[in-house]
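Here, each number is a calculation from the coordinates, and none is a lab measurement. Keep in mind that what you see is a predicted model, and the values were worked out from it rather than measured. Here the Cβ is made from the backbone with ideal geometry for all residues, glycine too, and neighbour counts use every protein chain on show.
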Amino acid sequence: MPLYDVELAALAAHIAQRRSAILHAWRAAVKSDTTLTTGASLPRAQLHDHIPALLVDYEQRLAAREAAKASDVQEVQQGDAAAHGLHRWQRGFDLEEVTRELGRLNECVVVELENYAAAHPELDHGVMASARKIWAQQCGAGISASTSQYFRLQQIEVRSHIGDLERALETLRELEQQRAQLWQEAAHDLRGNLGVVANATAGLTSTKASDVMRGSFLRLLDRNVSALHHLLNDVTSLARLQGGQEHRSVEPMDVAPLLRDLCEGLQAQAQDHNLFLTFNGPPTLSVQGDSVKTRRIAQNLVLNAIKYTRQGGVTVSWGESDAKDAERWFLQVQDTGPGFHAGPGSQLAGALETATDQAKQIAADGNTGEVTHVNGELAEKDRAPRDSRPVRQEVGEGIGLSIVKRLCDLLDATVELESKVDAGTTFRILLPRRYGD
């Protein structure tokens, strides 16, 4: 092996040996950056997520003598970086935070390279120049892949919103067509007195309009106006969240009575759908948080679960997270519904499922000391294929899921989602037990 390659391989071995130290330095840099607040409550394994994989990719590229091998490593590295972007999006990081923490990683690796060069003055300058170039290429590609994945997820959200609005417009068109048909029927019954039928109110109050026609018209108006009213409220709420017009108000709160009262208040709606609504958790759970927004998250998830579950019911639970995640508590809403794989929210749900699966794999690999890698193909695919059966979701569900996601972002909370067709959906929200100053 040429001396040049031997020295690069030695540097790769040094980076591998120093990987833990680099991660420690990076974690300290992230925590000292006052603009990087979202990851403050994440356990170490989740904060690191795919960062160790990026370092392993760099080590492998340094040791890769053949261009084809280096190309293969670069493809895997792109997948790892994209998976990092997906992970950070799931955990509520904004785009600036994603790029800044990768910038902090760049600084730590550069410092390590400079220290290595200072400790080995005998090295050919070309070796360190190549090492710096490889890292610069990898870091740039990594930031690009991570942020591109983040943008792709934002586009998925936008597409789901557009789908909702298009369906709302279609509903309006159908309403207009049905209204015209009803007026044609009214005209047949009222053609002797058309002058007094100037608008819908006159038609509904006319003594010559049949009871069947009035009832049909009223049901039509009530159904569509109600649906559009809820959609308008959701669009307004999402616009406020996206525009930064909502802020969290952190104060001490007891989660248990808040969630018990919510569930008790929704029992009637569950019973109207012939469903059970059960809830369980510790009698008290004192944390810091925004009680209003926490309640909104829970209410949105429970109401959607009730709305789309046909048989069985909904279970709400809460409590402290496990010992490895002691700084957070969980809220879970589980239903026995049809799953979340069709309709305007399906792509967004699929991305959350993929991120949840990858996070679990990271945790499992971390217990054995393995480093999780994600190839590019897997990083770009949604976990579940789009359900080809008729759409089950109604207007606004894509927006509703976005509202939950944005509220969680505001509270530095993580959204985890597991859903199986015809078996049910489980949302698990992980929220900080306390917030920094």
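Before moving on, here are some points about what is shown:
- For the peptides 248-254, 78-84, 297-303, the ranking by packing is 78-84, 297-303, 248-254, with the highest mean count of neighbouring Cβ atoms within 10 Å listed first.
- Potential extension, Gln269-Ser32 segment - 0.36 nm per residue separation minus Cα distance: 80.6 nm
- The stretch between Val292 and Ala136 holds 51.6 nm of extra length on full extension. This uses 0.36 nm per residue minus the Cα-Cα distance.
- In sequence order, the stretch 17-22 has phi-based couplings of 5, 8, 4, 4, 5, 5 Hz under the Karplus curve 6.51 cos²θ - 1.76 cosθ + 1.60, θ = phi - 60°, and Gly or Pro positions carry x.
- Taking a Cβ cut-off of under 12 Å around Leu3, the surrounding Lys, Arg, Asp and Glu residues balance to a net charge of -4, with basic ones at +1 and acidic ones at -1.
- Rounded FRET efficiency, nearest 0.05, which uses the C-beta distance separating Gln361 from Thr278 and R0 of 35 Å: 0.70
- Pairwise label distance in nanometres, Asp261 with Glu107, each label 7 Å out on the Cα-Cβ vector: 4.5
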